[in-house]
Amino acid sequence: MVYSFPEEVLEYVFAFLSSDKDRNAVSLVCKSWYEIERWCRRRVFIGNCYAVSPQIMIRRFPEVRAVKIKGKPHFADFNLVPERWGAYVYPWISAMARSYPWLEEIKLKRMVVTDESLELISKSFKNFKVLSLSSCEGFTTDGLSSIAANCRNLRELDLRESEVEDLSGHWLSHFPDNFTSLVSLNMSCLGSEVSFSALERLISRCPNLKTLRLNRAVPVEKLASLLRRAPQLVEFGTGACSTEIRTDIFSNLVEAFSGCKHLESLSGFWDVVPAYLPAMYCVCSRITKLNLSYATVQSPDLVELISQCSNLKCLWVLDYIEDAGLKALSSYCKDLQELRVFPSDPYSAEPNVSLTEQGLVTVSAGCPKLQSVLYFCRQMSNAALIAIARNRPNLLRFRLCIIEPQAPDYLTLEPLDTGFGAIVEHCKELRRLSLSGLLTDRVFEYIGTHAKKLEMLSLAFAGDSDLGLHHVLSGCESLRKLEIRDCPFGDRALLANAAKLETMRSLWMSSCSVSYGACKLLGQKMPNLNVEVIDERGPPDSRPESISVEKLYVYRTVAGPRADKPDFVWTMDEDGALRFS
Amino acid sequence: MSSEITKELLESETSGVLKTELTLGLPGDSLVQKSGIKRGFSDVDLKLANYDQAESQPPPQAQVVGWPPVRSYRKNLIKNCKYVKVGVDGAPYLRKIDLEILSSYQDLLTAMGDMFTCLTICHVLNERKLMDSANGEEYVPTYEDKDGDWMLVGDVPWKMFVESCKRLRLMTSSEAIGLGAAAPSTPSKGSSTSC
């Protein structure tokens, strides 16, 4: 039956399929569908840059317009992955420059991007539109100058959370005078001051600008002028708002904000003087996303602002909000879907704010649509976790960080096994979970039994034995990413569940009890995995095989062992020998 | 298969005996028969980790790398916090150290000694050095200042140093010769006393 459809018809139908899962399914139906699909796939997502090579991607999908590539493991965000580990984007750019002249979009996360790569991007793709560098590093503002100067059709430049060597703010001035296509600019991670007049002129001549996230260096007294030139903005991030409050600045700001009828998202607010917050009240009722995680203001001022945001869906805030503020949140913001509470003083042993487990319980009770939580706090109880689980069975992401490692239930001094057990038992759609506090192997038994939709699990200082790891690897059917630090998990669970690792994207284990011998064995037995030992102490061969490795990163791949390893990474080989790059 | 493994692991934990007879349980296959390896890893002489000799408890909170899991840019922006990278000549890793929690050059040396555990502090006259007792190599702390120049640590008042320091490097003594503002007439610098 399928052969009666001409290719063009199938191709037309396939064009309606945007999800990778659907396209992958289509490509498995038969050879001709595989062929048709691969020629018309325009977007490719590569979850691990070492799982596949640029050549393999290009060979299969010759007509790609948009790529998204992720590099370093997530724990790189917390300095657990050493410098010079890898995730270089240049080989990808260089290969795509040759084969994808019509490439429009490059989105990268946790990759090392050099100025050379940026220059190559700017010169190779004539219709380049979108550059998004999330948590990347390795480039300077000179690289941005190349992008600004050469990408005539650029729509998006998003540098979120990247570490950029900031040589000067001059890069912005490289956008040509006839450049008008900008839709989105996020420069919030940069330090240097850009030329304000260049910024004003850029904004004035880009009528489609919807997102503008300024950096800290833009002072509050300059905001009004920018907003007046871009009243169509949907997403806006301020710079520092620390200038002493003055009536004229304030009233200008009020006027400018009231002209912005389409604003939905606000961020920035570095060092904000609380007296400026009321200038935003006029837009609050339309705001759906609010990032106050740099605003070091106290709870009452936060509540004043939040209480006006009846349509708020997503709030990122510091723990200055305290339990009282979260109570207000739960009563004013009934549409809330995502809450992230960050610690204002993560290293002090004593709490500096009155934020406890109670705040989260209250929000879980009052916000029926809450599905995504990231919460830092200093105390937790099983009772609270059970309440949260019962209140919110619709949770998708639950990341709890109790600041003191291995902190028990503060009421009963018991482990928090039953609390987290309730979370996985009630929240049947849970996709992401991060645990903390005192936890035994029992919590992993609960997780293995109930968390059938769990895709990503993060563990630290948890568990008693290999049984814990075994429960997770044998029970969590949907598991794709597992990251573990400082847990007493060793060889047996890992080796007994070796096949499971091929069904996952990656496994990270650092400061655990996996021996070098076991790593070698795993590498021998599983040719489709790269089993990489990261060790500062020199070649693992120079120590007894029973000694635990410092860090282990295991991932499935069709590209074979890495060719670009630094001198502290070793791939466990099929031959049982150490492979150096 | 999985329940058998669970049972074995449970039994071995409760009996206190670590069993080594656990085959590599790849579902539904016969293990890959490579020459020299017959039956999973029970034939391989692995000494399994003994958890009674577990690594020591995690050190006090402030010293645990990457905990709590807060991104660097958040740490530097919120708290009065100044993280700078620290490297050692010849070592592959860079580390990060928060200068704000230290109050003196002595604190800094101590922190660096803690961080790179193979190095010990060694004082000779007014010099501040660290030594690797394994190879006798001496390291001198140096830093890159705001202007991009590499200077010897210790010449300016502590607060001024914290303000201007962009990154630190422990250089071998030989590399560090000619750095910074050492005046040739100062007797303490350039002396070659071993410690």
A:Phe398 long-range amide H proximity, modeled H, under 5 Å: A:Val373, A:Arg432, A:Leu433, A:Ser434
Lysines with Cα under 19 Å of A:Lys129, excluding same-chain neighbours fewer than 8 positions away: A:Lys68, A:Lys107, A:Lys109, A:Lys210
Counting pairs on different chains as well as pairs 8 or more places apart, how many Lys pairs in region A:322-452 have Cα atoms under 21 Å apart? 4
Averaged over residues of A:487-500, the number of beta carbons from other chains lying within 10 Å of each residue's Cβ is 5
Over region A:245-329, what is the relative contact order in whole percent, taking alpha-carbon pairs under 8 Å and six or more residues apart? 28 percent
Inter-centroid distance (Cα atoms) of region A:491-561 relative to region A:120-136, Å: 35 Å
Could you let me know the centre-to-centre spacing of region A:411-430 and region A:228-277, using Cα atoms, in angstrom? 42 Å
Counting only DSSP beta bridges with both residues in the protein assembly as shown, tell me the antiparallel percent, nearest 5. 35 percent
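By its C-alpha gyration tensor, with a ≥ b ≥ c as the square roots of the eigenvalues, how is region A:333-440 shaped: rounded for a/c under 1.5, else prolate for a/b larger than b/c, else oblate?
Details: a/c = 1.79, a/b = 1.24, b/c = 1.44.
The shape class here is oblate.
Please identify the chymotrypsin sites (Phe, Trp or Tyr not before Pro) of region A:1-81 that satisfy two criteria: DSSP loop assignment and at most 10 other Cβ atoms within 10 Å. Which are they? Working shown, then result.
Values: sites: A:Tyr3, A:Tyr12, A:Phe14, A:Phe16, A:Trp33, A:Tyr34, A:Trp39, A:Phe45, A:Tyr50, A:Phe75, A:Phe78; in loops: A:Phe16, A:Tyr50.
Those satisfying the criteria are A:Phe16.
Counting partner chain Cβ atoms within 10 Å of every residue's Cβ in A:39-47, what's the average? If you can, show how the numbers build up before the last one.
Working: counts 0, 0, 0, 0, 0, 0, 0, 0, 0.
The shielding value for this peptide is 0.
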Relative contact order (percent) for region A:11-149, with alpha-carbon contacts under 8 angstrom and 6 or more residues of separation? 18 percent
What does the charge dipole of chain A about its Cα centre add up to, to the nearest 20 debye, if the Cβ of each Lys and Arg holds +1 and the Cβ of each Asp and Glu holds -1? 2020 debye
DSSP loop trypsin sites (Lys or Arg not before Pro) in region A:423-524 with at most 14 other Cβ atoms within 10 Å of their Cβ, which ones? A:Lys428
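List the pairs from A:Lys453/A:Lys500; A:Lys123/B:Lys85; A:Lys21/A:Lys72; A:Lys313/B:Lys85; B:Lys75/B:Lys159; B:Lys82/B:Lys129 whose alpha-carbon separation is above 26 Å, in the order I gave them.
A:Lys123/B:Lys85; A:Lys313/B:Lys85
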Treating the Cα atoms of region A:423-581 as identical point scatterers in vacuum, please give the log10 of the normalised Debye intensity I(q)/I(0) at q = 0.14, 0.16, 0.20 Å⁻¹, two decimals. -0.66, -0.84, -1.24
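Hand me the GluC sites (Glu not before Pro) from region A:498-546 located in a DSSP loop with no more than 15 other Cβ atoms within 10 Å, in residue order please. Walk me through the numbers before you get to the answer.
On the way: sites: A:Glu502, A:Glu532, A:Glu536, A:Glu545; in loops: A:Glu502, A:Glu536, A:Glu545.
Here the GluC sites (Glu not before Pro) that fit, given the DSSP loop and packing criteria, are A:Glu502, A:Glu536.
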What shape does region A:22-133 take by its C-alpha gyration tensor, where a ≥ b ≥ c are the square roots of the eigenvalues and a/c under 1.5 counts as rounded, a/b above b/c as prolate, and the rest as oblate? oblate
Shape call for region A:395-514 from the C-alpha gyration tensor, a ≥ b ≥ c root eigenvalues: rounded (a/c under 1.5), prolate (a/b greater than b/c) or oblate? oblate
Please work out the Cα center distance from region A:150-189 to region A:52-113, rounded to the nearest Å. 20 Å
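Taken together, the values in this text are just the output of simple stated rules run on the coordinates, not laboratory data. Keep in mind that what you see is a predicted model, and the values were worked out from it rather than measured. A quick note on method: Cβ atoms are made from the backbone with ideal geometry, for glycine too, and the neighbour counts reach across all protein chains shown.
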